[in-house]
Amino acid sequence: PPTELPPGGPFTQEGEGSFRVVGNPLPPVGEGRVYTYVVEVENGINTAAYGGDDGFVSVVDATLANPKGWIANQDYAFQHVRPGEDPDLRIQLSSLATTHALCGNDIEMETSCFYSDGNRVLINESRWIRGALPFDGDLGSYRQYLINHEVGHGLGYAAHDYCAADGELAPIMMQQTLSLNNSELYRIDPDEVYPDDDATCVYNPWPYPRGL
């Protein structure tokens, strides 16, 4: 099923529940209201297999600074700050157990989430390593999608979005981890926004892939 984790490398089943700060402060990017953020990795996670802590934080920084990302909208800007500066967002790479504890696991599928207590953008390490089948094996694009989607929730986009028509790029707030097809997502959760119209989009990691 497209919702299952693809085969791949091992991931951390259970971390320590505490987090280490990674990366360094950077100048702001974008022209809008500045959202400050820090990047953290759960203690007990060994990031060596995918570039170390620096590898994770570099993808986060580059994704948020990309002109096809949220900063294409002049309402948004981002700045990587020191942890003592009370950031607007804490972007955290988390183990399976911690993700389940904070995000829930009601549908028993591996997902990430935005956890409003502490403004935590939780990135599920199992997905960071394995990706998602709807992305056709493009792990780099999927990691960009993960960051942009969950940060989108942190910016206030609480609701998900649906595929507007066959063959179009999927909206960033669609649950692309699970499917690119409205009807499949409707069957997973009929209470979500998805119409049962069988429309299928093309995977897309960016909020503004064609600019504004």
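Some observations on this one:
Every residue, every condition in (1) of a type in the set (A, V, I, L, M, F, W, C); (2) closer than 17 Å to Ile147 by Cβ; (3) in contact with a strand residue (DSSP E or B) (Cβ under 6 Å, 6 or more places away or on another chain); (4) modelled with pLDDT of 95 or more, yes or no:
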site: Glu4; (1), (2), (3), (4): no, no, no, no
site: Gln13; (1), (2), (3), (4): no, no, no, yes
site: Glu16; (1), (2), (3), (4): no, no, no, yes
site: Val22; (1), (2), (3), (4): yes, yes, yes, yes
site: Val29; (1), (2), (3), (4): yes, yes, yes, yes
site: Tyr35; (1), (2), (3), (4): no, yes, yes, yes
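- Boolean, Ala97 is surrounded by 13 or more Cβ atoms within 10 Å (Cβ to Cβ) and under 30 Å from Arg210 (Cβ atoms): no
- Screening Trp70 on (1) touching a Pro at 6+ places or on another chain (Cβ under 9 Å); (2) without any contact (Cβ under 8 Å) to a residue 40 or more places away in the chain; (3) not small (Gly, Ala, Ser) shows it passes everything except condition (2).
- Index of the failed condition, Pro83 passing every other in (1) under 28 Å from Asp189 (Cβ atoms); (2) at pLDDT below 95: (1)
- Enumeration of residues in segment 112-144 that are charged (D, E, K, R), surrounded by fewer than 18 Cβ atoms within 10 Å (Cβ to Cβ) and on the phi < 0 side of the Ramachandran plot: Asp117, Asp138
- Among the residues of segment 12-48, those identified as in contact with a Gly (Cβ under 6 Å, 6 or more places away or on another chain) and among the small types (Gly, Ala, Ser) are Gly15, Gly44.
- Members of segment 12-31 that are under 21 Å from Ala49 (Cβ atoms) and β-branched (Val, Ile, Thr): Thr12, Val21, Val22
- Some residue of segment 185-201 being open to solvent by less than 40 Å² (accessible area, probe 1.4 Å) and part of a helix (DSSP H, G or I): yes
- Within segment 167-184, being part of a loop (DSSP other than H, G, I, E, B) and either open to solvent by 60 Å² or more (accessible area, probe 1.4 Å) or over 20 Å from Cys113 (Cα atoms) (or both) holds for Gly167, Glu168.
The values are calculated or read from the model by the stated rules, or taken from the named source; none is laboratory data. What you are looking at is a predicted structure, and each value in this text was computed from that prediction instead of being measured. Counting neighbours? That spans all protein chains shown, and the Cβs are built from the backbone with ideal geometry, glycine included. SASA here: full protein model, heavy atoms, side chains in, ligands and nucleic acids out. Shrake-Rupley method; radii C 1.70, N 1.55, O 1.52, S 1.80 Å.
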